[in-house]
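Structure first, commentary second.
The values are calculated or read from the model by the stated rules, or taken from the named source; none is laboratory data. All of these numbers come straight from a predicted model, not from anything done at the bench. Heads up, the Cβs are rebuilt from the backbone with ideal geometry, glycines too, and the neighbour counts pull from every protein chain shown. The protein model used for the area step is the full one, side chains on, heavy atoms only, and it has no ligands, DNA or RNA in it. Shrake-Rupley method; radii C 1.70, N 1.55, O 1.52, S 1.80 Å.
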Amino acid sequence: MKKELPKTYNPAEYEDAIYKKWEQSGFFNPDNLNLPDTAKSYTIVLPPPNITDKLHLGHSAMLAIEDLLIRYHRMRGERALWIPGTDHAAIATQNVVEKKLLREQGKTRHDLGREEFLKRVWEFLKTTQTMILHQTRKMGASLDWSRQAFTLDEPRERAVRKLFSDMYHEGVIYRGVRVVNWCPRCQSTLADDEVEYKEEKSKLYWLKYGPFVLATARPETKLGDTAVAVYPGDKRYEKMVGKKFMIPGVLGEFEITVVADRAVDPKFGSGAIKVTPAHDFTDYEIAQRHHLPVKQVINEHGRMMANTGKYAGLTTKQAREAILADMEKMGLLDHIEDGYLHNIAVCYRCGTQIEPIPSKQWFVNMDKKLKHLGGKSLKDKAIEAAETGQIEFIPARFKKRYLDWMNNLHDWCVSRQIWFGHRIPVYYRKQEMTKSQIPIFNEIPNSKSQTLNKGSGTDEEIYVGEEAPAGEGWIQDPDTLDTWFSSGTWTFSTLGWPDNFVKGKKAGDLDRFHPTQVLETGYEIITLWVSRMIIMSFFALNEIPFEKVYLHGMILDKHGKKMSKSKGNGIDPLDMIDKFGADAVRLSLLMGNTPGNDAKYSEEKIASFRNFNNKLWNVARYIITNYELRITNYEFNAGELTLADKWILEKLKNLIKAVILDLEKYQLAQAGEKLREFTWDDLADWYLEISKFEKNKEKSQILNYVLENLLKLWHPFMPFITEAIWQEMGYDRMLMVEKWPKSDAIASFQHNKEKFEVIKQIIIAIRNARAENKIEPTRKVKAVIYAGKRKNLVAEQAEPIKALRTGIGELEVKTDGQKIAGAIYAAVGEIEIYLIGAIDSEKEKARLEKEIDNLEKAIKTAEGRLANKEFAAKAPGGVVKKEKDKLKGWREELKKFREQLGNIK
RNA sequence: GGACAAUUAGCUCAGUUGGUUAGAGCGUUCCGUUCACAUCGGAAAGGUCAGAGGUUCGAGUCCUCUAUUGUCCACCA
């Protein structure tokens, strides 16, 4: 069957139809692959993109990499499952919608109320979600849409409620009082990861503080001071440690205790610091260690509280000024230092300065020893998993980052004072919930963790469970959960946990697909997400969530800057797909990109892969339009094969082996590089050119065979164009579910491969000599080759040598003979080549001199190496022999070049 | 302050247990459209592998230090 194809590949003509065909086939779902029970599973859960915005090129890279892995494993006959989904991204989404609301209607979320506001959020996320799913399909991602999930849909809500409840009842989740990062604008606590630091120059105030003089940047917190801390053994203060002092202040005298604590830097300031446990993290820790009272003076709106007398109601900034003025009057201010450089903590969303304040929050205890984990804590298990290599990081260096973080892990605050997210499954009775849920503490009794019914003097009942409790008067906790709490369940909640987990036994999808094989994600998310999935999976299933963590780098713009909307340097994947096709976009993201390293990106890069796509298209076009297709049973008669046939088959055999090896090692770009080289250099530039004049009855078979295998090997990288060509070849079945090539299926022609390389070298040498001598391409030249022991080979291959752009008219091949004066000379090892009657003496002289120069340099290096006695004595025999052979060959070549140069002079 | 990376051709990057004259793409220069493809073909130029030491018969590759750039973590009262 022969047919016509356009000269250039037009992606738009094929992509949507092909994706539809794939999707309708049902093969994205491994249950439809008709695999034997013994088939291995290969599962990836897609890191769910935030529904705050449409996808950018970073997401495209993620999709390209994961789809490559999934398609490869699917073709290898594995139960390949890739689960799609999106992430509700609690705070981020709420913020986006709030900002939009404020901009468009001038309203805050409080104006609308919780229910109405959440309605708006859901409306918003429907549109972005639709966009994201569309973009994902356009990339060609072979995700199993029948298992699509959302981190805030009903099944995930059940999983989250169950997990929270189980954790609570096992004592892993507790309600505690903590100084938390509080954003007065967002009215929410922030996780440590959500806090950013900004350098700022401010004033440092030196206060007269009873018997001390000490420095502070925040004098207003003095109202909450309960201690002074010094470094243990500091001679200046040794005698005061353990004593109590009355300190004069703007509201009269107050009592402090002097404690010794190693958190103090004796070299900073006066070596003594005031301790404000309620409004500073270090101070809170000091207070814990020394059982100091905690006195809150700043509330959740960043204003001074009722217990601050005349300052009550002022913002911290106003209070600072008022207090400073009063201190000045009272003579309590020693002096002020200007230009003090320090970091201030700000909210990552809105940039507002963080106020550390004490608050009741829900925490996950990382150190609690658990019976079902064999007496180990979640932290123990998470550390062990990486240390023993149960979970492997690619690249390996990220293991260290993960472990550093894990080892320093403190309890995880999971409650958030926002509306959008998983509502905490905790119910209270007989307590009036304050609007803000931030209790006002004057004196907080000191206990590391406390449950509400005993801790702070309230008398409420508390209920934690998957469903709301029966009975009257229960009110659900108004807070929601940290978004990572739900995304932490991603590997198992998407596989049917908890329904598929009965009496400690996995069933259904959970049994078949968990643990997953690889988590592919960005390195910036290791601590936020990867670590939490590991923790959650151990708690829920006592097993790892994935075997490997493959970390990709960031996609930067061509100047090396992070792409962002505000900078306007972002590239929209859909625009690029429209312009160059999805395959070109995928390839440009896969190639020249190694795990863990950032990659600069430019449109020119995509264009070059679009060009490559077209090259592949034309290779196929040539074969399809010139040869018989639809060969069902390949049988090569070795006796009929030419040298070039054997060469390309051997190349293909090696290629299959190498690509598999690279892919197994997750060296995706390297596999792609080898494929590109084979396609463009070996197949298009050499074999196809030869096939134009070398006609034997095996050609049609071999060309088809090579093309088919090549399409299979390329398919995971460029699914659309390969499937399109496959269709054009006339196959009804889909390439997507074809069997992956086996190198064993091809007989070895190693010996012939080397022979062909010699012919290639001869051709290249002739082309070079012609170009350097400026011989017009159309001019035919006579060539004489003294081929030594290669005489028969060269004589047999006269046709390729003449036809492949060497411009050889007449070719004479001998074993050896006289030097030919006045001819252009070239050499390949011992083989001498003369081009007669076209010499440009000057140019030829320059060319020979250059060759001689190169050879002399190489010979010098090799001689030096061999002259070293240690080298001969210590290097492996093979290396020494190789070196000697090389040297010998170069010397022979050099000799001939020199003689030839002499002939010209 | 701590950690981790990067530094290889004009640009973007490969280079897997140390072993040919260190590679590719883009760009550049010269030549070429009867050719499947000008989104193409042929040829070429271009690198003291950031710097300094060290280990080794042998270092782009291993070790130490330095410089520059980037990222992450911690944190300053």
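Laid out as a table, the results:
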{"read-out": "Number of positions in the stretch A:677-696 that are open to solvent by 70 Å² or more (accessible area, probe 1.4 Å) and part of a helix (DSSP H, G or I)", "value": "2"}
{"read-out": "Meets criteria (open to solvent by less than 70 Å² (accessible area, probe 1.4 Å), of a type outside the set (A, V, I, L, M, F, W, C) and without any contact (Cβ under 8 Å) to a residue 12 or more places away in the chain) for A:GLY877", "value": "yes"}
{"read-out": "Selection count, the stretch A:355-384, where residues are at negative phi and open to solvent by 10 Å² or more (accessible area, probe 1.4 Å)", "value": "15"}
{"read-out": "Residue that is surrounded by the most Cβ atoms within 10 Å (Cβ to Cβ), among those in the stretch A:262-288 that are within 7 Å of RNA strand B (Cβ to nearest atom) and among the hydrophobic types (A, V, I, L, M, F, W, C)", "value": "A:ILE273"}
{"read-out": "Residues located in the stretch A:766-779, provided they are under 23 Å from A:ASP682 (Cα atoms) and buried (at least 18 other Cβ atoms within 10 Å of the Cβ)", "value": "A:ILE766, A:ALA769, A:ARG770"}
{"read-out": "Residue check, A:LYS782 in contact with a Gly (Cβ under 7 Å, 6 or more places away or on another chain) and surrounded by fewer than 18 Cβ atoms within 10 Å (Cβ to Cβ)", "value": "yes"}
{"read-out": "Residue in the stretch A:563-612 that is nearest to A:LYS674 (Cα to Cα), counting only those that are open to solvent by 50 Å² or more (accessible area, probe 1.4 Å), near RNA strand B (Cβ under 8 Å from one of its atoms) and among the small types (Gly, Ala, Ser)", "value": "A:GLY592"}
{"read-out": "Residue pairs meeting the criteria (Cβ under 6 Å; at least 6 apart or on separate chains; first modelled with pLDDT of 95 or more and of a type in the set (Val, Ile, Thr), in the stretch A:601-627; second in a helix (DSSP H, G or I) and within 6 Å of RNA strand B (Cβ to nearest atom))", "value": "A:VAL619/A:ALA684"}
{"read-out": "Of the criteria (1) within 23 Å of A:ILE606 (Cβ to Cβ); (2) buried (at least 23 other Cβ atoms within 10 Å of the Cβ); (3) over 15 Å from the mean Cα position of the chain (by Cα), which one A:THR43 fails", "value": "(1)"}
{"read-out": "So A:GLU708, is it acidic (Asp, Glu) and within 15 Å of RNA strand B (Cβ to nearest atom)", "value": "no"}
{"read-out": "Selection count where residues are more than 11 Å from RNA strand B (Cβ to nearest atom) and surrounded by 22 or more Cβ atoms within 10 Å (Cβ to Cβ), scope the stretch A:613-648", "value": "6"}
{"read-out": "Selection status of A:LEU207, within 11 Å of RNA strand B (Cβ to nearest atom) and of a type in the set (A, V, I, L, M)", "value": "yes"}
{"read-out": "Whichever residue in the stretch A:525-562 is more than 12 Å from RNA strand B (Cβ to nearest atom) and open to solvent by 40 Å² or more (accessible area, probe 1.4 Å) and, among such residues, is nearest to A:GLY592 (Cα to Cα)", "value": "A:LYS548"}
{"read-out": "Residues satisfying the stated conditions in the stretch A:381-414, i.e. within 16 Å of RNA strand B (Cβ to nearest atom), of a type in the set (Lys, Arg) and outside any loop (DSSP other than H, G, I, E, B)", "value": "A:LYS399, A:LYS400, A:ARG401"}
{"read-out": "Test: residue in the stretch A:249-258 that is open to solvent by 30 Å² or more (accessible area, probe 1.4 Å) and near RNA strand B (Cβ under 9 Å from one of its atoms)", "value": "no"}
{"read-out": "When residues of the stretch A:715-765 are limited to those that are more than 30 Å from A:THR806 (Cβ to Cβ) and among the basic types (Lys, Arg), the one surrounded by the most Cβ atoms within 10 Å (Cβ to Cβ)", "value": "A:LYS742"}
{"read-out": "Pairs where the first residue, in the stretch A:673-693, is in contact (Cβ under 8 Å) with a residue 24 or more places away in the chain and of a type outside the set (Phe, Trp, Tyr) and the second is near RNA strand B (Cβ under 6 Å from one of its atoms) and part of a helix (DSSP H, G or I), C-beta under 6 Å, 6+ apart", "value": "A:ALA684/A:VAL619"}
{"read-out": "Some residue of the stretch A:355-374 being under 30 Å from A:GLY596 (Cα atoms), part of a loop (DSSP other than H, G, I, E, B) and either within 13 Å of RNA strand B (Cβ to nearest atom) or without any contact (Cβ under 8 Å) to a residue 12 or more places away in the chain (or both)", "value": "no"}
